[in-house]
1. Please work out which residue is surrounded by the fewest Cβ atoms within 10 Å (Cβ to Cβ), limiting yourself to the stretch 137-175 and to residues that are of a type in the set (S, T, N, Q) and closer than 21 Å to residue 115 by Cβ.
2. Give me a count of the residues in the stretch 176-213 that are assigned to a loop (DSSP other than H, G, I, E, B), open to solvent by 10 Å² or more (accessible area, probe 1.4 Å) and not β-branched (Val, Ile, Thr).
3. Do you know which of the residues in the stretch 6-18 that are of a type outside the set (Lys, Arg) and touching a helix residue (DSSP H, G or I) at 6+ places or on another chain (Cβ under 9 Å) is least open to solvent (accessible area, probe 1.4 Å)?
4. Being touching a strand residue (DSSP E or B) at 6+ places or on another chain (Cβ under 8 Å), over 20 Å from residue 11 (Cα atoms) and either assigned to a loop (DSSP other than H, G, I, E, B) or at pLDDT below 95 (or both), is that true of even one residue in the stretch 157-175?
5. Return the residue satisfying two criteria in turn: it lies in the stretch 64-113 and is in a helix (DSSP H, G or I) and aliphatic (A, V, I, L, M), and of such residues it is nearest to residue 42 (Cα to Cα).
6. When you look at residue 253, is it β-branched (Val, Ile, Thr), more than 19 Å from the chain's Cα centre (by Cα), at pLDDT 95 or above and within 28 Å of residue 138 (Cβ to Cβ), yes or no?
7. Taking the conditions exactly as written (under 22 Å from residue 24 (Cβ atoms), in contact (Cβ under 8 Å) with a residue 24 or more places away in the chain, buried (at least 20 other Cβ atoms within 10 Å of the Cβ) and of a type in the set (Lys, Arg)), does residue 230 satisfy them or not?
8. Among the residues of the stretch 21-52, write down those that are under 18 Å from residue 98 (Cβ atoms) and part of a strand (DSSP E or B).
Amino acid sequence: MSLKDTITLANGVEMPRVGFGVWQVKDGEEAVNSVKWALETGYISIDTAAAYKNEAGVGKAIKESGINREDLFVTTKLWNSEQGYESTLKAFDASLEKLGLDYVDLYLIHWPVEGKTQDTWRAFEKLYKDKKVRAIGVCNFHEHHLKEIFEIAEVKPMVNQVELHPNLTQEPLRAFCKENDIVVEAWSPLGSGKMLDNPEIKKLADKYGKTVAQVILRWDYQQDIVTIPKSVHKERIQENADIFDFELSEEDVQAISALNKDERTGRNPDNHGLK
């Protein structure tokens, strides 16, 4: 088991089960350094977005790392204001140019935008058929948002990236995604840091001789939830990768899942208000 472990998407593409996220990482030196540290640690999956405004820094770090492009898995996302058919295609080209890449491995719709989803998805299918992306998916989609895509899709979403952590386990949505062969990916897997003080998980961390973050990330891993922890600190980046030398008992997995409160740290996709 390692950072090179993958889960197979519906189209056969292998996606790393643990990746490195760069939300709120400043473009330039901070983005370049953090991605370089992640790559040096052994991460091969990097998750960025147009809205993060750090695609250029991510691309620079990838280029300077000297790692073969085909050995990496790069995700980026379409922002809400760019949704629609033609605007999506233009936005994708802009992201590709900033990243300095010929293709991306996974392209995601960042949030559902009422009245735009189906046209946007048609553009995603074109990018996929033109082999500019290896896989396509969505972020922050509830079941009813996914069904809206299903109405017109020739290719179903392969990934749904959502807020997911022990206080928001998303079990009904995960079950729906599993039925439809959609891999669930967790953003904010540590609850924006709020889970790190949880006394129940602290007890488990002591039991296994690991940190709270490592226990939570291992909980994701054992449930086939792809996870993308973020940090700008080298030591924390390395710590978050060190989850392959222990295994949670099924009882402890269930104990963590029982902490669910359906409590979000981010916005609800039904009324996110982001434009």
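1. Just the residues of the stretch 137-175 that are of a type in the set (S, T, N, Q), to begin with: 140, 160-161, 167, 169-170.
Keeping just the survivors that are closer than 21 Å to residue 115 by Cβ gives 140, 160.
Numbers: 140: 23, 160: 27.
Within the stretch 137-175, the match that is surrounded by the fewest Cβ atoms within 10 Å (Cβ to Cβ) is 140.
2. 9
3. 18
4. Quick first cut of the stretch 157-175, residues touching a strand residue (DSSP E or B) at 6+ places or on another chain (Cβ under 8 Å) only: 157-165, 170, 173-174.
Still in the running and over 20 Å from residue 11 (Cα atoms): 162-165, 170, 173.
Going one step further and asking which of them are either assigned to a loop (DSSP other than H, G, I, E, B) or at pLDDT below 95 (or both), we end up with 164, 170.
Scanning the stretch 157-175 turns up at least one residue that is touching a strand residue (DSSP E or B) at 6+ places or on another chain (Cβ under 8 Å), over 20 Å from residue 11 (Cα atoms) and either assigned to a loop (DSSP other than H, G, I, E, B) or at pLDDT below 95 (or both).
5. Applying the filter and picking the extreme gives 99.
6. On the way: β-branched (Val, Ile, Thr): yes; more than 19 Å from the chain's Cα centre (by Cα): yes; at pLDDT 95 or above: yes; within 28 Å of residue 138 (Cβ to Cβ): yes.
Taking the combined requirement at face value, the residue satisfies it.
7. Values: under 22 Å from residue 24 (Cβ atoms): yes; in contact (Cβ under 8 Å) with a residue 24 or more places away in the chain: yes; buried (at least 20 other Cβ atoms within 10 Å of the Cβ): yes; of a type in the set (Lys, Arg): yes.
Criteria met by residue 230.
8. Across the stretch 21-52, the qualifying residues are 21, 46, 47.
The values are calculated or read from the model by the stated rules, or taken from the named source; none is laboratory data. Note that the structure is predicted; figures quoted are calculated from it, not measured. Note that each Cβ is placed from the backbone with ideal geometry, even for glycine, and that neighbours are counted across all protein chains shown. The accessibility values were calculated without ligands, DNA or RNA, using every heavy atom of the protein model including side chains. Shrake-Rupley method; radii C 1.70, N 1.55, O 1.52, S 1.80 Å.
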